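Any read-out appearing in this document is the output of simple, stated calculations on the displayed coordinates, not a laboratory observation. What you see is a predicted model, and the numbers here were worked out from it, not measured in a lab. Virtual Cβ from ideal backbone geometry, glycine too; neighbours counted across all protein chains shown.
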Amino acid sequence: MAQDSSERFRVFISHKHDDHDCAERISKALESLSDRIRCFVSGSDLAAGSDWNAEIRSQLMQGDLLILLFTEPSQNWDWCLYEAGLFTSLGDEHSVVCLYRAQGATPRPLSSLQGVPVEPVAVERFVTQLCHETWRVARKWRLGALAPTITAERLADVAGQIVGQFPRAASVGPAGYLTHYPCHRVVLDLRAISGVAISGVATGGIPRQARVIEGDGATSTFTLSLFNLTRGLRARTWGDLVDATATATATDGGDGKWLADLDDRFAAALKEQLFSPSKTTPMPLVDSYTGQRRRSYRPILYEILREPVAAAGSDGQADAMRPLQVTILLDPVAEGGAA
């Protein structure tokens, strides 16, 4: 392949805000492999006063490779997945590499793309290929190996730096025990939504724009599969799940009473009222590929995480104790037993 020592290999590092320092250090480790590597770390390489959205798009268009630091699966990865999705949409040759915990996995929307578990052998293999066979890591690259003469010792050293900088997993549950949730759960984030409740009373039920929180301890891929919503890069909302029940409701001649009933209980819960389990029409689900009824589930309002009263300002009592997060359990209804 042709060599051009003046052309820079541009790496876009996508990361969560909490992992910014980690991203900076991994950036420096990668740049130390070759003076031709230039890394862009979102959040630190933006000039003051710049249009950050336009700048990120520009950097993505110039990039040869996007590296996603997938550090904590249970967190919200909407923005990082948006960056990865935008990058891959630029063309088939725009490559994404996901660095993830050795005992974990890549995020569901990136499962078909290249993933590198953060452990010494795998990371050393990745940086070796990046230096010796750059075009295999970044299909867009046409200018030969970045560092064909780099030593094995140097590659091992940089791999060790990357592994050492990657955040370690926190303990899971009390005393490090794993937690198993023996039911389908839908966990919704309402933090970015204003006007959900006034003086503790819901103004219109659970907002359709509430974001579905995906990951361990939240909404699983298995649960999303009930709604035929396991494909695509974009974040899901409560409205997407509600809309996914429309076909089944129409097929059964239902009237969507399950949603009205759930919204009534949401309003009652915000007023701290007790109520009995729902006995109305359950939520029907249909396989969108076969058109056949799968099963019905009765949604149970399980938990509402609320903002403390002290969080509201002196004139912000209307926003005190507003709902921040909602957890809904899906209780399967036995065939022939809708009530």
Hull shadow area, averaged, the stretch 9-165 [alpha-carbon convex hull, nm²]: 8.8
Selection of GluC sites (Glu not before Pro), the stretch 71-142, meeting DSSP coil and at most 11 other Cβ within 10 Å: none
